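Quick notes on the structure that follows.
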Amino acid sequence: MNERLLHFQVTEEEAGLTLRDLLRGKYGVSRRLLNRVKNDGAILLNGVPERVHRLVQAGDVVEVWLPAEQAETLAPQPMPLAIRYEDDDLLLLAKPAGVVVHPTRTHPDRTLANGVVAYWQAKGELRRFRPVNRLDKDTSGLLLVAKNQWAHECLSRMQRRQLLKRTYWAVVHGLPRHDEGEIAAPIGLKPGSIIEREVRADGQPAVTRYRVLARGAEVSLLELQLLTGRTHQIRVHMRYLGHPLVGDDLYGGQRSLLGRQALHAAKVELVHPRTGKLLQFSEPLPTDMAELVKTCVNIR
């Protein structure tokens, strides 16, 4: 059974383009996805199948069809999901701390992915689990999932171009000297470890911006923005700055105040790849971090 991926009318400005140029340019269809459309799907121009080199005229109606996706191989495992937004392309969830996003060797099931697959199957939808951003097991907050290959490619491209904005709140040890700043320090795997990262000259470029929201006697509340998406980026950069996250004992933090890293994905901002509308979402701090902030930080 085929699924319609795109459906639009050609504008005056787009007249004279080939279907290939229109789909690759304005609609961000990758070469790989376009090849899949040509091989297994269909491109209809005014209801008639056409090849990608066909020129379009103003008013033409274009449809792009793909075979329905095969069912995800992950085992469906129903679980409560905090869904904040959903449409044909996007699913936005609030992930609680302590939940793994995707199965790993040490966490083979009961992950968020298993729960999402169960949720989709209950609705009769066959989709693969495609998270756009990744959150560590003990990080809470907003997680964006693409519901089809095209949306995932568009959102991943936005992320690389820094057009998908992700904002985090964190409680860190100590009082940063400056109220705001930018950490540009490459991150790589620490020798001898399969988990821990560190700032190192041969690492991948990584940039984090921070702003101090409030200070306490011994800890501070920070707002952070990721300009790149390296594994453990905020955790590594805050240790590098000399202010590790409260509760993050892997990177120098202490667990006396909180039993997990005090990190929360608080905001997501993006332009919807299909509608072009600006979407902005925010998620309040979970109870444990909210209590930590109330107890230890001076909010003015």
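The values are calculated or read from the model by the stated rules, or taken from the named source; none is laboratory data. For clarity, every value in this text was computed on a predicted model and none was experimentally measured. We place every Cβ from the backbone using ideal geometry, glycine too, and count neighbours over all the protein chains shown. Only protein heavy atoms, including side chains, enter the accessible area calculation; ligands, DNA and RNA are left aside. Shrake-Rupley method; radii C 1.70, N 1.55, O 1.52, S 1.80 Å.
Can you pull out every residue in region 135-166 that is farther than 18 Å from HIS272 by Cβ and open to solvent by less than 40 Å² (accessible area, probe 1.4 Å)? Reasoning before the result, please.
Of the residues in region 135-166, the ones farther than 18 Å from HIS272 by Cβ are 135-141.
Those that are farther than 18 Å from HIS272 by Cβ and open to solvent by less than 40 Å² (accessible area, probe 1.4 Å): LEU135, ASP138, THR139, SER140, GLY141.
Test GLU63 against the criterion of being among the charged types (D, E, K, R) and closer than 25 Å to ALA266 by Cβ, and give yes or no.
Details: among the charged types (D, E, K, R): yes; closer than 25 Å to ALA266 by Cβ: no.
It is false that GLU63 is among the charged types (D, E, K, R) and closer than 25 Å to ALA266 by Cβ.
Examine region 133-146 for a residue that is under 19 Å from PHE281 (Cα atoms), of a type in the set (S, T, N, Q), at pLDDT 95 or above and in contact with a Pro (Cβ under 8 Å, 6 or more places away or on another chain), and state whether such a residue exists. Walk me through it before giving the result.
Step one: of region 133-146, the residues under 19 Å from PHE281 (Cα atoms) are 133-135, 139-146.
Now restrict to residues that are of a type in the set (S, T, N, Q): 133, 139-140.
Going one step further and asking which of them are at pLDDT 95 or above, we end up with 139-140.
If we keep only those that are in contact with a Pro (Cβ under 8 Å, 6 or more places away or on another chain) as well, we get 140.
Checked region 133-146: at least one residue is under 19 Å from PHE281 (Cα atoms), of a type in the set (S, T, N, Q), at pLDDT 95 or above and in contact with a Pro (Cβ under 8 Å, 6 or more places away or on another chain).
VAL145: touching a residue at least 24 places away in the same chain (Cβ under 8 Å), under 30 Å from ASN35 (Cβ atoms) and part of a strand (DSSP E or B), yes or no? It would help to see each step written out before you state the result.
Details: touching a residue at least 24 places away in the same chain (Cβ under 8 Å): yes; under 30 Å from ASN35 (Cβ atoms): yes; part of a strand (DSSP E or B): yes.
Here the answer is yes, as VAL145 does meet what is asked.
For region 72-126, give me each residue that is open to solvent by less than 30 Å² (accessible area, probe 1.4 Å), under 21 Å from PHE281 (Cβ atoms) and more than 16 Å from the chain's Cα centre (by Cα).
GLY115, TRP120
Does GLU3 meet the test of being open to solvent by 50 Å² or more (accessible area, probe 1.4 Å), under 29 Å from ARG160 (Cβ atoms) and assigned to a loop (DSSP other than H, G, I, E, B)? So that I can check it myself, show each step before the final result.
Working: open to solvent by 50 Å² or more (accessible area, probe 1.4 Å): yes; under 29 Å from ARG160 (Cβ atoms): yes; assigned to a loop (DSSP other than H, G, I, E, B): no.
For GLU3, the condition - open to solvent by 50 Å² or more (accessible area, probe 1.4 Å), under 29 Å from ARG160 (Cβ atoms) and assigned to a loop (DSSP other than H, G, I, E, B) - is not met.
On the given criteria, is VAL116 among the β-branched types (Val, Ile, Thr), assigned to a loop (DSSP other than H, G, I, E, B) and touching a residue at least 12 places away in the same chain (Cβ under 8 Å)?
Numbers: among the β-branched types (Val, Ile, Thr): yes; assigned to a loop (DSSP other than H, G, I, E, B): no; touching a residue at least 12 places away in the same chain (Cβ under 8 Å): yes.
For VAL116, the condition - among the β-branched types (Val, Ile, Thr), assigned to a loop (DSSP other than H, G, I, E, B) and touching a residue at least 12 places away in the same chain (Cβ under 8 Å) - is not met.
Show me the strands (runs of 3 or more DSSP E) found entirely inside region 52-104 where at least 3 residues are of a type outside the set (Asp, Glu) and closer than 24 Å to SER140 by Cβ. Steps first, please.
Working: elements: 61-67, 83-86, 90-95.
In region 52-104, 83-86, 90-95 are the strands (runs of 3 or more DSSP E) which contain 3 or more residues that are of a type outside the set (Asp, Glu) and closer than 24 Å to SER140 by Cβ.
Across region 251-280, what is the total count of residues that are more than 19 Å from GLY229 (Cα to Cα) and either among the basic types (Lys, Arg) or outside any loop (DSSP other than H, G, I, E, B) (or both)?
Selection size over region 251-280: 7.
So in region 172-206, with the set limited to residues that are in a strand (DSSP E or B), closer than 24 Å to LEU142 by Cβ and touching a His at 6+ places or on another chain (Cβ under 9 Å), which one is most open to solvent (accessible area, probe 1.4 Å)?
My answer is ARG197.
Quick one: in region 258-281, of everything that is touching a residue at least 40 places away in the same chain (Cβ under 8 Å) and surrounded by fewer than 17 Cβ atoms within 10 Å (Cβ to Cβ), which residue is farthest from ARG239 (Cα to Cα)? Give the steps one after another, and end with the answer.
Filtering region 258-281 down to residues touching a residue at least 40 places away in the same chain (Cβ under 8 Å) leaves 258, 260-274, 279, 281.
Next, from what is left, pick out any that are surrounded by fewer than 17 Cβ atoms within 10 Å (Cβ to Cβ): 269, 271-272, 279, 281.
On the way: GLU269: 27, VAL271: 32, HIS272: 34, LEU279: 32, PHE281: 28 Å.
Result: HIS272.
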